[in-house]
1. Where a ≥ b ≥ c are the square roots of the eigenvalues of the C-alpha gyration tensor, would you call region B:177-313 rounded, which needs a/c under 1.5, or, failing that, prolate if a/b is larger than b/c, or oblate?
2. Which value in Å does the Kirkwood hydrodynamic radius of region A:73-216 take, with 1/r averaged over all unlike C-alpha pairs and then inverted?
3. The protein assembly as shown: percent of C-alpha pairs farther apart than 37 Å?
4. Gain in length, B:GLU49 to B:ILE268, computed as 0.36 nm per residue apart minus the alpha-carbon separation, to one decimal in nm?
5. GNM, chain A, Cα, under 10 Å: largest mean-square fluctuation among A:GLY37, A:GLY19, A:GLY168?
6. Let me check against my output: what whole-number percent is the relative contact order of region B:109-223, with C-alpha pairs under 8 Å and at least 6 apart?
7. Nothing charged except the Cβ atoms of Lys and Arg (+1) and of Asp and Glu (-1): what's the magnitude of the dipole of the protein assembly as shown about its Cα centre? Round to the nearest 20 debye.
8. What's the percent breakdown of Cα-Cα distances in chain B across 10 Å bins, shortest bin first?
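We did not get these values from a lab; they are worked out from the coordinates using the rules stated. As the structure is a prediction and not an experimental result, all values here were calculated from the model. Positions of Cβ are generated from backbone atoms using ideal geometry, with glycine treated the same way; all protein chains shown enter the neighbour counts.
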Amino acid sequence: MSLETEIIEISARAIIVSGSATLLASLWGLPIGITLGLKRFRGRNLVKGFFNALMGMPTVSLGLILYLVFSRVGPLGFLHLLYTPLVMIIGQAVLITPIAVSLTSSTVESIDPDIRDLARTLGASETQASLAVLRESTSGVLLALITSFDRAIAELGVALMLGGNIRGVTRVLTTSIALETTRGELLLGMALTAILLLIVFALNTLVNLIQRRASV
Amino acid sequence: MLTSSVSISGTAYYFGVGPFARGRTKLVVSTTTSLYDTGLLDTIEDQFEAEYPIDIYFISAGSSIAMRYAERGDADMILVHAPSEELAFLEGGYGVCRKIIAYNFFAIVGPGNDPAKAEGLSPTQALMRIVEAGRKGETFWVSRGDDSGTHIKEKDIWAIIGFKWNEIRQEGWFMESGTGMGKTLLIAEEKSAYTLADLGTYLKYSRDNLITLAIVSGERKELLNVYSAIAVNRTYNPEVNFEAAITFIKFLVSEKGQRIISQFGRDIYQQSLFYSAAQPLKQNADSQVAGWIREIAYFEGKECPERFQDDHKELYD
């Protein structure tokens, strides 16, 4: 496989793996974040603080923890998921869940409470009022998703420990940059870095445009 | 509906159903970084996979962690270069069928102006000079400090000249990089320090003008670097792909495999990065290198003592 084909392959894999991880994390992250943002309950601040703190989890540590879980002798070893793209998706989803939850909950929380009151005075039910609030927070939620994706595609520790950086199977942009740097291929490492940044910038700009369009 | 089923089945194929549906099996080999980073294993992988229905997955991490992965059931075989650890691996019941596949030499490298005046000396004399110069504040030493094969060899040489690892590492001129060979070389370059390097990484970095360090002490017995392959014991872990591991080991020591190993890099570096081990051990059994290999990398006078040979005595004819 030529170098160009390999670069396209690892870039595509990085986008697919991190994109899937973002979708997966949003499946449970958004509901949790929205609930945290809308409802008031005992211990709410504790839960919020918990997710906030987890945002700072070092990727290499999470990679190690999840490796011990998915390794053959580990509790989920029977699934034989180690060194596959699927386990990388799961791992990155776990990594970015705190971000998705924290950003979603603070954006929902920050919606002007007048919106909810207005909806209620206009005759809306509790649920309908909540939906009105959510509609106002779509752009914030979109930001939460894109930030989660950025963190996923840019992380190294989880992808490396769970995926193994295997050529043709689990190699992604960050693991390639690490490998080529170790090999002394500094220029290639920089080229891959540029590609990674390009992808992130392009995606962020696209989402920005969509947000602008939506709010017009 | 159609798009979702297409995308789901496409994803399922992409995520690993594909290769195995084609009748190929998976062989996970955890390996030392010095073999992988030179690109040798990629070349071997291409040639092997073209001939056999086996997909090799190389996990390149360092000899010690390579053995941990194998012990935890995440690898079917290992490629390492740390004979003392390999013996423990065999005796712990984790591995069988050890074959020596290649050798080369480590090198003590240092700054061009050679502050320790160590050039041309034997490795032990060179290190003594480096210790003296270090203690006088004239130079530094950079160690891998990561339990890699290179690091284990370094500790062995320190022991030969009477230095305990845990003591010498406390001295001010002694640095530990805790990282791979490449970055360690860059640190040594930056600090005008000496270090122990495997030849493959050193030549690559030198050729790419990333370092100006020169070889101070070369092909001596104390610097011999022997690479071995060991299959994970299927009694210990019944799930390993044992047959594929044996097939790959046989390929590595076959004439074709040994030729790939000894030819690798010749066109770029005008010298071999790795030497074939099967030849000196079998044919030139009396050569100096064969003697050194037997002294340093044999256990109980053999490549692999009988009780660890499993059912594959044919590997050792």
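1. On the way: a/c = 1.97, a/b = 1.71, b/c = 1.15.
Prolate shape, in that a/c is at least 1.5 and a/b is the bigger ratio.
2. Working: mean 1/r = 0.0555 Å⁻¹.
The Cα-based Kirkwood calculation yields 18.0 Å.
3. Values: 57544 of 141778 pairs.
Distances greater than 37 Å cover 41 percent of the Cα pairs.
4. Working: separation 219, 0.36 × 219 = 78.84 nm, distance 2.42 nm.
Answer, rounded to one decimal: 76.4 nm.
5. Result for chain A, Cα springs under 10 Å: A:GLY168 fluctuates most.
6. Working: 173 pairs, mean separation 45.7, N = 115.
Relative contact order here is 40 percent.
7. Working: 48 positive and 56 negative charges, 272 e Å.
Around 1300 debye, computed over the protein assembly as shown.
8. 6, 25, 31, 22, 10, 4, 1, 0
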